[in-house]
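So the structure is just underneath, and the comments pick up after that.
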Amino acid sequence: MPKETFYNLDEPKRKKILNAAIKEFTDNELHKARVSNIIKEAHIPRGSFYQYFEDLDDLYYYVIDGVFENIFYEGKKHAELTRDIFEYAELTFEIDLNGYMNDKRHKFIMNVLKSIGSNVEYLEHHNNKRREYIMSVMNRMDLTNIRYQSDLDKIQLYELLQNIKRIVIQKSLMTNMTKDEAKDLLRWHLDILKHGLLTKGD
């Protein structure tokens, strides 16, 4: 966590430092990132950096915690709009699609996933936060017609829907689909998940 001196800075200066950090972590995985690039971009002395943070790792994990908190906030906000898990998947689809289409954001997330993979302690922290987020979403949904009801089932259902969205997004980008075409393809997948592949006669 940042030191108290960082929190004592005025908001514009804090944002300037964090934006410089996000830029550096978008360009580089953690092991390639440099404090020198961040302080140059933020226009702060090197000594000031270490008054605000213990080291580069301290800043890094603070930044990515904030990014994931924003992602979770968006997800929770959309969960307030429906109690239907399939409608929720549709509501959040465009957010995910826009994220993939935003090259900088996509690159940042990819670098994060590579960087945190070797940090067992942070992975446990992140996975706990993610499970809490998923359960907060799933517990708002009406799942009475879903056959699987355990907490693990709910987490796996959420992840299945995320995987379907990811498949559709990747195909839509590879084939230059419009957003409407991508949404139609998502609905096709969701319909199979809801109603199965077989006709009633089978």
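The values are calculated or read from the model by the stated rules, or taken from the named source; none is laboratory data. Here the structure is a predicted model, which is why all the values come from computation and not from measurement. Heads up, the Cβs are rebuilt from the backbone with ideal geometry, glycines too, and the neighbour counts pull from every protein chain shown.
Among the numbered criteria (1) within 16 Å of PHE72 (Cα to Cα); (2) outside the structural domain of GLY75 (by TED's automatic domain parsing), which one does ARG105 miss? Failing condition for ARG105: (2). Being outside the structural domain of GLU24 (by TED's automatic domain parsing), charged (D, E, K, R) and not in a helix (DSSP H, G or I) is the requirement here; does ARG140 meet it? Against the criterion (outside the structural domain of GLU24 (by TED's automatic domain parsing), charged (D, E, K, R) and not in a helix (DSSP H, G or I)), ARG140 qualifies. Out of all the residues in the stretch 23-66, which are outside any helix (DSSP H, G or I) and either hydrophobic (A, V, I, L, M, F, W, C) or within 26 Å of ASP103 (Cα to Cα) (or both)? ASN28, GLU29, ALA33, ARG34, HIS43, ILE44, PHE53, listed by residue number. The sole residue among TYR122, TYR148, TYR158, TYR88 that is assigned to a loop (DSSP other than H, G, I, E, B) and more than 13 Å from the chain's Cα centre (by Cα) is TYR148.
Quick one: would you say VAL63 is surrounded by 16 or more Cβ atoms within 10 Å (Cβ to Cβ), touching a residue at least 24 places away in the same chain (Cβ under 8 Å) and over 26 Å from LEU157 (Cα atoms)? So VAL63 fits the description; yes.
Pairs are defined by a Cβ separation below 7 Å, a sequence spacing of at least 6 or placement on different chains, a first member in the stretch 114-126 that is closer than 14 Å to ALA33 by Cβ, and a second member that is hydrophobic (A, V, I, L, M, F, W, C); the pairs so defined are SER115/LEU30; ILE116/LEU123.
Among the residues of the stretch 1-35, none is identified as hydroxyl-bearing (Ser, Thr, Tyr) and touching an Asp or Glu at 6+ places or on another chain (Cβ under 6 Å). In the set PHE53, PHE6, only one residue is farther than 25 Å from LYS107 by Cα and either among the hydrophobic types (A, V, I, L, M, F, W, C) or assigned by TED's automatic domain parsing to the domain that holds ASN119 (or both); that residue is PHE6. Are any of the residues in the stretch 79-93 closer than 30 Å to ALA21 by Cα and either surrounded by 17 or more Cβ atoms within 10 Å (Cβ to Cβ) or not acidic (Asp, Glu) (or both)? Yes, because at least one residue in the stretch 79-93 is closer than 30 Å to ALA21 by Cα and either surrounded by 17 or more Cβ atoms within 10 Å (Cβ to Cβ) or not acidic (Asp, Glu) (or both).
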